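The values are calculated or read from the model by the stated rules, or taken from the named source; none is laboratory data. Keep in mind that what you see is a predicted model, and the values were worked out from it rather than measured. Methodologically, a virtual Cβ is constructed for each residue, glycine included, from the backbone with ideal geometry; neighbour enumeration extends over all protein chains shown. Calculation scope for accessible area: heavy atoms of the full protein, side chains included, ligands and nucleic acids excluded. Shrake-Rupley method; radii C 1.70, N 1.55, O 1.52, S 1.80 Å.
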Amino acid sequence: MDRLLCGDVGYGKTEVALRAAFKCVEESFQAAYLVPTTLLAQQHYNTFKSRMENYPIRVEMLSRFRTKKQQAEIIKKLKSGEVDVVIGTHRLLQKDVGFKNLGLLIIDEEQRFGVGHKETIKKLKSNVNVLTLSATPIPRTVAMTVFGDLDVSVLDEIPPGRSPVETYAVGENMRKRITAFIDKQVGLGGQAYVVCPLIEDSENAETKLKSAEQHAKDLQKLLPHRRVAVLHGRMKNAEKDQIMRDFAAQKYDILVATTVIEVGVDVPNANLMVVEDADRFGLSQLHQLRGRVGRSSRHAYAYLTFRRG
């Protein structure tokens, strides 16, 4: 198999991948799940671990969340066959990583891997079933479905109980109303993401783009009765993981972040996404960000803010 599974954000691609990996292990092969970020690796590792804990399936994770000593031990077990399913970042593509009997390679969010990575992936793909997952496949992948040997399967139905995310493009004149709406949704039991294009304020004052660190402080002042957290790529992996765990456990009401939450992050209770300075993001990014909400029966909203209009 060399197949692209294309389905909208939140339509169940991970569930298909999980069941495929289970079937692979059932047939005495190993499965590898390649993801683009450590945050996503940790989330999928937690999901696979909990779903497979009642079966004799050994799940491990290979990423920067593991120490060098732990990574070396995991690689050793992969080669000996002591690990059945491994979730990993680009670390899986390093030369020292090998498998005893790899039967399935799953590539998640394939649009996040560059051409160089794809060339390395080719070496893993020989005599191995490959399942590629994406809601927004890059043109090169789409071309392979037409001119190459890449087959396509489509998930075209939203899971039961969910409704489309209401999406609005708004200007700065709606700022007070957006803040009030965030407060209202949190008051109704929901949670909100607020995504900013910068980590901290830029020295170039002309840009006036919102930064995650400053905007989190501003929101906390405006909504002192709400719990606000900030998340960005400069934080240590353990800190990022803890913040996401706490947000998923509803210890925070509002998560102000950069695009580190763009792919894969799954917090069903979150139902509001606000993207600041939305013109600084690509269409694929906006689509992925909007897909972080609307993952439960709770009605979901996305607000894309622009400086003009």
Long-range neighbours under 8 Å by Cβ, at least six apart or interchain, first residue free of Cβ contacts under 8 Å to residues at least 60 places away in the same chain within the stretch 131-157, second surrounded by fewer than 15 Cβ atoms within 10 Å (Cβ to Cβ) and assigned to a loop (DSSP other than H, G, I, E, B): none
Pair list, Cβ < 8 Å and 6+ apart or interchain, from the stretch 52-65 residues that are on the phi > 0 side of the Ramachandran plot and open to solvent by 100 Å² or more (accessible area, probe 1.4 Å) to residues that are of a type in the set (A, V, I, L, M, F, W, C) and outside any strand (DSSP E or B): none
Close pairs (6 angstrom Cβ cut-off, 6 or more residues apart or separate chains): in contact (Cβ under 8 Å) with a residue 24 or more places away in the chain and farther than 19 Å from Thr179 by Cα in the stretch 236-260, part of a helix (DSSP H, G or I) and not hydrophobic (A, V, I, L, M, F, W, C) anywhere: Asn237/Thr38; Asp241/Gln42
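Please work out which residue is nearest to Gly190 (Cα to Cα), limiting yourself to the stretch 287-309 and to residues that are open to solvent by 70 Å² or more (accessible area, probe 1.4 Å) and of a type in the set (D, E, K, R). Spell out how you get there, then give the answer.
We begin by selecting, within the stretch 287-309, every residue open to solvent by 70 Å² or more (accessible area, probe 1.4 Å); these are 290, 297-299, 307-309.
Pick out the ones that are also of a type in the set (D, E, K, R) and you get 290, 298, 307-308.
Working: Arg290: 15, Arg298: 8, Arg307: 27, Arg308: 29 Å.
In this case the residue turns out to be Arg298.
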Residues of the stretch 273-309 that turn out to be outside any helix (DSSP H, G or I), within 18 Å of Ile182 (Cβ to Cβ), in contact with a helix residue (DSSP H, G or I) (Cβ under 8 Å, 6 or more places away or on another chain) and of a type outside the set (D, E, K, R), as a count: 9
Of residues in the stretch 220-235 being free of Cβ contacts under 8 Å to residues at least 40 places away in the same chain and open to solvent by 90 Å² or more (accessible area, probe 1.4 Å), the one farthest from Glu200 (Cα to Cα): His225
